[in-house]
Amino acid sequence: GVEFLTREDVMKKFGISSVTLWKWTRNGVIRHHSLGKRVYFIESEICEDIRNSGSVRKSHKEVV
């Protein structure tokens, strides 16, 4: 099955701040899924999105 990550999970796993996560989500750099008022992420999608994005700094790409 697919494991959903919370915002906190993503920030810890990828070493980013809440502001960076908000910007990436807002600008369409990474995909997210809404369930009611909550937002979730799928790790494999985040890794793919970061690899395919030219707007993410190299230091974040090395994490994935």
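The values are calculated or read from the model by the stated rules, or taken from the named source; none is laboratory data. Bear in mind the structure is a predicted one, so any value in this text is a computation, not a measurement. Here Cβ is always computed from backbone atoms with ideal geometry, including for glycine, and neighbour counts include all displayed protein chains. When the accessible area is computed, the model is the full protein with side chains, heavy atoms only, and any ligands, DNA or RNA have been set aside. Shrake-Rupley method; radii C 1.70, N 1.55, O 1.52, S 1.80 Å.
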Selection count where residues are surrounded by 12 or more Cβ atoms within 10 Å (Cβ to Cβ), free of Cβ contacts under 8 Å to residues at least 40 places away in the same chain and outside any strand (DSSP E or B), scope segment 23-45: 8
Unique residue being over 8 Å from the mean Cα position of the chain (by Cα), at pLDDT below 90 and among the β-branched types (Val, Ile, Thr) when the list is Val39, Val2, Val19: Val2
Answer residue from segment 46-64, given it is modelled with pLDDT of 70 or more and more than 17 Å from Lys12 (Cβ to Cβ) and is farthest from the chain's Cα centre (by Cα) among those: Gly54
Filter result (open to solvent by less than 80 Å² (accessible area, probe 1.4 Å) and closer than 21 Å to Asn52 by Cβ) within segment 10-22: Val10, Met11, Phe14, Gly15, Ile16, Thr20, Leu21
